[in-house]
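The values are calculated or read from the model by the stated rules, or taken from the named source; none is laboratory data. Nothing here was measured: the structure is a model prediction, and the numbers come from that model. Every residue, glycine among them, receives a Cβ derived from its backbone with ideal geometry; neighbour counts consider all protein chains shown. Ligands, DNA and RNA are stripped out before the accessible areas are found, and what is left, the full protein with its side chains, is counted by its heavy atoms. Shrake-Rupley method; radii C 1.70, N 1.55, O 1.52, S 1.80 Å.
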Amino acid sequence: MKPLIAGNWKMNGLTPALADVETVAEIVSTSLPNADVLICPPATLVHRAVQTAAGRIAIGGQDCRPEPSGAFTGDISAEMLRDAGATAVIVGHSERRQYHGETNALVAAKARAAWRAGLLSIICIGETGDERTRGQHLEVCKDQLAGSVPEGANADNTAIAYEPVWAIGTGKTPTIAEIGAIHAHIRQCLTRLGTARTAIRILYGGSVKPSNAREILATPEVGGALVGGASLTAADFHPIIAAASAK
Ligand code: PEP
């Protein structure tokens, strides 16, 4: 499978940001990178981003609620994202786990909701800085995978994003050897969980930038990147897409 380069805009982006969607989409349609490209803008921009992208790149959501509809003020369902033209959704981002108390079981329910609506679910896992210091990162990721990745996950409906919490938005990244080791571990865990999960792409996320993308994306078992800050402008996001092509 091609590497997946996904941008997570978080709670950033007003109407003028659609110009960056247009620039990225145009570059992708002319340079034809060997990568699947996805931008996940805030929910308010999903539909307009889909119209702007016009099929040249994919557009996704950043979260969904497990239920298809109902009395859940302020929430958004996977079906609503699909209706707006999204083809993917991020679930279990560490900011959701931290600020909204999301558990592995809830994240698994969200992943199932994504599949029900025909969306690719990008399931996020990753240890905190304390867990890494205590040497618990392998165990933490194993438990998060076991709890958050439902039965039925395969390479067509799921990607895993390994995002060490301490690397998100901090400018810090694990060493290439550490990224290689944890991705190999995640691959092993997925394989143990079931053969259908063997080919699932494992994205790396956490301070991916134009300057480190090539090295990170060349690491064995790194099947793409989930990019926060550096996905906000086409000027930063494009070199990361180009680095994936060089893989
Ligand atoms: C993220 O939030 O998913 C992320 C990886 O952020 P950043 O690239 O800014 O570290």
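Scoring Gln98 on the criteria (1) surrounded by fewer than 21 Cβ atoms within 10 Å (Cβ to Cβ); (2) free of Cβ contacts under 8 Å to residues at least 60 places away in the same chain leaves a single failure, condition (2).
Among the conditions (1) open to solvent by 40 Å² or more (accessible area, probe 1.4 Å); (2) more than 16 Å from the ligand (Cβ to nearest atom), the only one that Ile200 does not satisfy is (1). Taken together, Ala159, Ala111 contain a single residue that is modelled with pLDDT of 95 or more and either among the polar types (S, T, N, Q) or under 18 Å from Glu67 (Cα atoms) (or both), which is Ala111.
Can you spot a residue in the range 132-153 that is open to solvent by 30 Å² or more (accessible area, probe 1.4 Å), touching a residue at least 24 places away in the same chain (Cβ under 8 Å) and not in a helix (DSSP H, G or I)? Looking for residues that are open to solvent by 30 Å² or more (accessible area, probe 1.4 Å), touching a residue at least 24 places away in the same chain (Cβ under 8 Å) and not in a helix (DSSP H, G or I), one finds at least one in the range 132-153, hence yes.
Scanning the range 66-101 for residues that are within 16 Å of the ligand (Cβ to nearest atom), touching a helix residue (DSSP H, G or I) at 6+ places or on another chain (Cβ under 6 Å) and part of a helix (DSSP H, G or I) yields a single hit, Ser94.
Considering Ala161, Ala153, the condition of being more than 20 Å from Val21 (Cα to Cα) and either of a type in the set (Asp, Glu) or within 16 Å of the ligand (Cβ to nearest atom) (or both) is satisfied by Ala161 alone. Contact map, the range 225-237: residues that are closer than 15 Å to Thr173 by Cβ paired with residues that are of a type in the set (Phe, Trp, Tyr) and more than 6 Å from the ligand (Cβ to nearest atom), Cβ distance under 7 Å, separation 6+ or inter-chain. Pairs shown: Ala225/Tyr204; Val227/Phe237; Ala230/Phe237. Here Lys10 clears all of (1) open to solvent by 20 Å² or more (accessible area, probe 1.4 Å); (2) over 22 Å from Gly206 (Cβ atoms) except the condition numbered (2).
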